[in-house]
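Data first, discussion second: the structure below is written as structure tokens.
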Amino acid sequence: MKKILIVGAGGQIGSELTTYLRSIYGAANVIATDVRECKMLSETGPFEVLNALDATSMASAVARHKCDAIFNLVALLSAVGEKDPQKAWAINMGALMNSLEVARQYNCALFTPSSIGAFGPTSPKDGTPQDTVMQPTTIYGVCKVSGELLGNYYHTKYGVDTRSVRFPGIISNVTLPGGGTTDYAVEIYYEAIKSGKFTCPVPADVYMDMIYMPDALRACVELMEADPAKLVHRNSFNLASMSFTPEIIYAEIKKRLPDFVMDYNVDPVKKAIAESWPNSLDDSCAREEWGWKPQWDLSSMTDDMLKVIREKYGK
Ligand code: AKB
């Protein structure tokens, strides 16, 4: 990758991925775009307002900047998607189709994240394999499975260099996620510092895979830079790092903040989604095919999250 276009750069992943890619490839070579102005990104490199549903504008940006790689990070997440499934399909699939077509026309590599949300209640729950039954029960998951199939189709039919990972819930401390089922695992850290109490919307005993942002960012670059000859799979690789329940993350925070309290007000939509997703993924294909290895676990992530959020709020 030499010149990269990011679409949907203002969101949870994009805001940190832009900075990370700029630190590796040079600020001038990473063009961040989003449907809204984003001061944080425009102050550190090229930024354009771009609606990913407008294929002509996306093609024009790729052509003007002579990009050879696109990161499509546009997504309406799982919980919010259930409020308006038609809108979720239109945005998630519209941005993906435009990215695939522009990548095909301008010979770009394309990264689009999939998710643990691509699995459903009929997938094996523990050690969910790379290649298995995928019958998600959310529109978000339906988009992710369709996106994975489309990515593979564009690769085999047109030779587009499509690559992707199935992200767990991403935990980060720069931009808050919005509308996801795993968002609680970010919010809990902020509330632990800000108010000392948190009301959890997900049942106490539901396991979901999670990953700390620095590992997620490294995974994107390592996969995109991987030797294509070694990739048996493309869309998408299971990615695992840590798996925990609300009770487990609560206990981890409480070790450091003994006065922190958590109660539950379970959201039925989030409960149904969380219970339909795997407990833990088997990421051995990612490890074998491109050397994936997480560097953060729940304990080291908790130390770092609390430290950064404390500094942010001067607490
Ligand atoms: C969500 O909860 O919808 C996302 C995801 C796991 O893809 N964070």
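Rounded to the nearest 500 deg cm²/dmol, what is the calculated helix-only ellipticity per residue at 222 nm for the chain, with -39500 (n - 2.57) per DSSP H run of length n ≥ 4?
-13500 deg cm²/dmol
How many times 2.2 N^0.38 Å is the alpha carbon radius of gyration of the chain?
Output field value: 0.96.
Where does each of Ser57, Ser123 land when they are ordered by accessible area, with a 1.4 Å probe and the largest first?
The most accessible residue leads, giving Ser57, Ser123.
Which whole-Hz couplings ³J(HN,Hα) result when phi for each residue of region 190-204 is put into the Karplus expression 6.51 cos²θ - 1.76 cosθ + 1.60, θ = phi - 60°, listed in order with x for Gly and Pro?
For region 190-204, the Karplus-derived couplings read 4, 5, 4, 7, 6, 10, x, 8, 9, 9, 8, x, 10, x, 4 Hz, x marking Gly and Pro.
Taking N as the number of residues in region 201-274, what is its Cα Rg relative to 2.2 N^0.38 Å?
Expressed relative to 2.2 N^0.38 Å, the Cα Rg reads 1.51.
Pop out the ³J(HN,Hα) list for region 301-309 in order, Karplus 6.51 cos²θ - 1.76 cosθ + 1.60 with θ = phi - 60°, rounded to Hz; leave Gly and Pro as x.
With the stated coefficients, region 301-309 comes to 5, 5, 4, 5, 4, 5, 5, 5, 5 Hz.
Would you check the accessible area of Lys157, probe 1.4 Å, heavy atoms only, in square angstrom rounded to 10?
120 Å²
To the nearest 0.05, what FRET efficiency results for Asn107 and Ser23 with a Förster distance of 25 Å applied to their C-beta separation?
0.45
Hey, if you drop one equal point scatterer on each alpha-carbon of region 92-219 and run the Debye formula without solvent, what base-10 log of I(q)/I(0) do you get at q = 0.11, 0.16 Å⁻¹?
-0.47, -0.91
Just going by the charge dipole of the chain, with Lys and Arg at +1 and Asp and Glu at -1 on Cβ, which of Ala32, Tyr313, Ser300 is farthest out on the positive end?
Highest projection toward the positive end goes to Ala32.
Output ³J(HN,Hα) for region 172-184: one whole-Hz value per residue in order, computed from phi by the Karplus curve 6.51 cos²θ - 1.76 cosθ + 1.60 with θ = phi - 60°, and x for Gly and Pro.
8, 10, 9, 10, 5, x, x, x, x, 7, 8, 4, 4
Please list, ordered by chain and number, the residues whose modelled amide H lies under 5 Å from the amide H of Phe198; skip anything fewer than 5 residues away on the same chain.
So Phe198 has HN proximity to Val261, Met262, Asp263.
With just the Cα atoms defining each centre, how far is region 95-139 from region 1-15? Give it in Å.
What the calculation gives is 18 Å, centre to centre.
Under 24 Å between alpha carbons: how many lysine pairs meet that in region 54-196, if sequence neighbours fewer than 8 apart on the same chain are excluded?
5
In what sequence, largest accessible area first, do Glu288, Glu252, Glu222 appear using a 1.4 Å probe?
Putting Glu288, Glu252, Glu222 in descending order of accessible area: Glu288, Glu222, Glu252.
The values are calculated or read from the model by the stated rules, or taken from the named source; none is laboratory data. Everything numeric in this text was worked out from a predicted model, so none of it was measured. Ideal geometry is used to build each Cβ from the backbone, glycine not excepted, and the neighbour counts take in all protein chains shown. Accessible surface areas use protein heavy atoms only, side chains included; no ligands, DNA or RNA. Shrake-Rupley method; radii C 1.70, N 1.55, O 1.52, S 1.80 Å.
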